[in-house]
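Values quoted throughout were computed directly from the atomic coordinates according to the rules given, and no laboratory measurement underlies them. Keep in mind that what you see is a predicted model, and the values were worked out from it rather than measured. Quick reminder, even Gly has a Cβ in these numbers, built from the backbone with ideal geometry, and neighbours come from all protein chains shown.
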Amino acid sequence: MNDLLEILQDLHPEIDYETNTQLVTGKIFDSFDIVTIIAEVNDAFDVTIPAEEIVEKNFDSARALYALITRLMDED
Amino acid sequence: MLFTSYLFIGFVLLTLLLYYSFPKRFQWMILLFASMVFYAYSGIGNLIYILTTVLTTYLAATQIGRLQNRTEVYISEHRQELSREERKTYKAAMKKKQRLLMVSCLVFNLGILAVIKYSNFTIDNINKIADMFHKGTISFLDIALPMGISFYTFQTMSYLIDVYRAKHPPEKNIFRLALFTSFFPQIIQGPISRYEDLSQTLYGSHDRNGREIMFGLQRVLWGFFKKLVIADRMVIAVNTIINNTDDYSGIYVFLLMILYSIELYADFTGGIDITIGIAQMFGIKMKENFERPYFSKSITEFWRRWHITMGTWFKDYIFYPISVSQPMLKLSKNARKWFGDALGKRMPVYLATIVTWFATGIWHGASWNFIVWGLLNCLVIMISQEFTPLYERFHRHFPYGNTTWYRAFQILRTFLLMSAIRVLDCYRNVGLTFKMAGTIFTDWNLKGLLQGGWNTLGLTIADIILLCAAVLLVFMVSMLQRSGSVRVKIEQKGPYAVFAVFLLLFVGILIFGAYGTGYDSNQFIYNQF
């Protein structure tokens, strides 16, 4: 989780990722941010987030994103 | 059948009557029948295209669904005896089969669209090159564009991709899929619906709900008002400027930018209001396509609020799949090594953005104007992305970002920028567009406009006053919408207020709608796409 938080902090240092649960619905992340996160996650966790997983509920909070990453890692 | 024709109004009324008279289980069938009649009216031969798309999409989706079920059953039955690696290999092999089916179907249907929509554009370009080398030319194909082909092709593509992505199961009944593809209010200009959204209400049983019918009718009337009173009147001045380039340059081109932006807004949002309003009268809920786009403070925000269903379509099915594909992720890694972290990270995103905007441009029309229009949008988005750190530094030093005046400046800047790029819709080719846009700086000629030039654009003083009042009304309604539904607010004022609004809109459309010679009730601009 810490690795992920580091990636997210780099992108928007002003956001409190522990509490914010509206990263996409609250228009904090745009499509450029999401693609950047996916590339960074690919590097850090060696896991590929496919396009079909790019939905609001997977990116709306750091916790949801982490759950997605662990699920994809398990599937691998 | 024009939305603004008496025939269409009669057609909708008759369909509504049948829809609420028959037992509810027949409602979606009545809509399908009406949609087929509506489509056949545009040319009975055109039905072959849409029905081919429905049939191929149905067959491919059904087969993909079967393969998905088979995979699930096989894995659950053999979970004990298969190793994790064997399960993965089996799943991958089955997914490959599904992908082959999906890609074949997409290529086939996109092929139909490409041949019909882009053949003559390709031939024209080949002929121009051949002409340079004094070679013979190829004859143009004589194919008429079937109604709504860009919209229904994209809608069925998203349906098939979503089945492949297991977002929803395939539709078992081909006739229901045919209704999703051809639903008559949306076939002409969208919105581009997703199956998982539209299917929630499209096939349901709907009681006659007076409030929903009243709200739908209000929205239809509001759409007619925007289309007939504003767009179809504004188009007269717009066409005068476009068709007389020798007489109207400089400030007239600037005026064209503004007038065309207003016309397009009134035309497109008016059409969508009619579409969504009619659907609401049938108890069907459609996605919104606009969210007060001219209040956007940046071009990226504008594209999140204008033609939303098209923007999300391109984002979900082109931008993201390209951006997160393996080759792009590899490129991202290498680019970071070559160009440093900052630029390297952005390169794949920018490449995907260029492809997406090229596709958006060519989707709008088979001409270089639209391709350049798409790429210019892309350029502005990328420049503003690159300048973001600079803006942030500027705002740290000069903290005016939250003042009303600065926000107004941002809104005006975005409006003017979008209007300037949109001039590419107007003139017949890219060269002429840039030449005419250049005259804004070389041949301003404000004096000519003030000394009676405005009087030659085909609009009387009464027209101009009416247009100003109507645009002001649209602006005020947009302002009111910020705090919730205007129709609900009117309803809360009581039945007299509702009646007064109906009456005013109805009479306003009848008296002030642009009809007759020179005021021909026009096709919607987005029909051609």
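Please compute the length gained on full extension between B:Leu51 and B:Ser485, using 0.36 nm multiplied by the number of residues separating them and subtracting their Cα-Cα distance.
My answer for the length gained is 152.5 nm.
Report the far tail of the P(r) of the protein assembly as shown, meaning the percent of Cα-Cα pairs longer than 36 Å.
45 percent
Rank these for me by crowding, B:Lys96, B:Lys345, going from fewest to most other beta carbons within 10 Å.
B:Lys96, B:Lys345
Determine, for B:Thr275, B:Thr439, A:Thr70, the number of other Cβ atoms within 10 Å of each Cβ, and report the residues in order from fewest to most.
On the way: B:Thr275 26, B:Thr439 18, A:Thr70 13.
Least to most surrounded, the residues fall as A:Thr70, B:Thr439, B:Thr275.
What does a probe at B:Leu18 reach in the stretch B:184-224, counting residues whose amide N is under 15 Å from the point 7 Å along Cα→Cβ?
B:184-185
At 7 Å along Cα-to-Cβ for each site, give me the label-to-label distance between A:Glu75 and B:Leu432 in nm.
5.2 nm
So, counting K/R as plus one and D/E as minus one, what does the shell of residues with Cβ under 14 Å around B:Phe475 add up to?
Neighbourhood net charge equals +3.
Quick one: order B:Val37, B:Val107, B:Val474, B:Val501 by neighbouring beta-carbon count within 10 Å, fewest to most.
Starting with the residue having the fewest Cβ neighbours, the order is B:Val107, B:Val37, B:Val501, B:Val474.
What value, in deg cm²/dmol to 500, does the helix sum -39500 (n - 2.57) over DSSP H runs of n ≥ 4 give at 222 nm once divided by the residues of chain B?
-23500 deg cm²/dmol, from helical runs alone.
Just to be sure I understand: if I project the alpha-carbon convex hull of the stretch B:294-426 onto a plane and average over all orientations, what area do I get in nm²?
If you wrap the Cα atoms of the stretch B:294-426 in a convex hull and average its projections, you get 9.3 nm².
Using the basic label-point model (7 angstrom from Cα toward the beta carbon), what is the B:His395 to B:Asn120 distance in nanometres?
So the label points at B:His395 and B:Asn120 sit 4.7 nm apart.
Report the FRET efficiency, 1/(1 + (r/R0)^6), for B:Ser139 and A:Asn2, where r is their Cβ-Cβ distance and R0 is 51 Å, rounded to 0.05.
For R0 = 51 Å, the calculated efficiency reads 0.15.
Calculated FRET efficiency, B:Asn69 and B:Met214, Cβ-Cβ r, R0 45 Å, to nearest 0.05?
Calculated transfer efficiency: 0.50.
Given the Cα-Cα distance of A:Glu56 and A:Ile28 and 0.36 nm per residue of separation, how much length would full extension add, in nm? Don't skip to the end; give the middle numbers.
Working: separation 28, 0.36 × 28 = 10.08 nm, distance 1.18 nm.
Going from the current span to full extension adds 8.9 nm.
Compute the Cα gyration tensor for the stretch B:6-208, then decide on rounded, prolate or oblate, letting a ≥ b ≥ c be the square roots of its eigenvalues: rounded whenever a/c is under 1.5, prolate when a/b is larger than b/c in the other cases, and oblate in all that remain.
oblate
From the P(r) of chain B, can you give the percent of Cα pairs sitting at distances over 30 Å?
Roughly 58 percent, once rounded to a whole number.
For an R0 of 60 angstrom, estimate the FRET efficiency from the Cβ-Cβ distance between B:Asp131 and B:Gln80 and round to the nearest 0.05.
The computed FRET efficiency comes out at 0.30.
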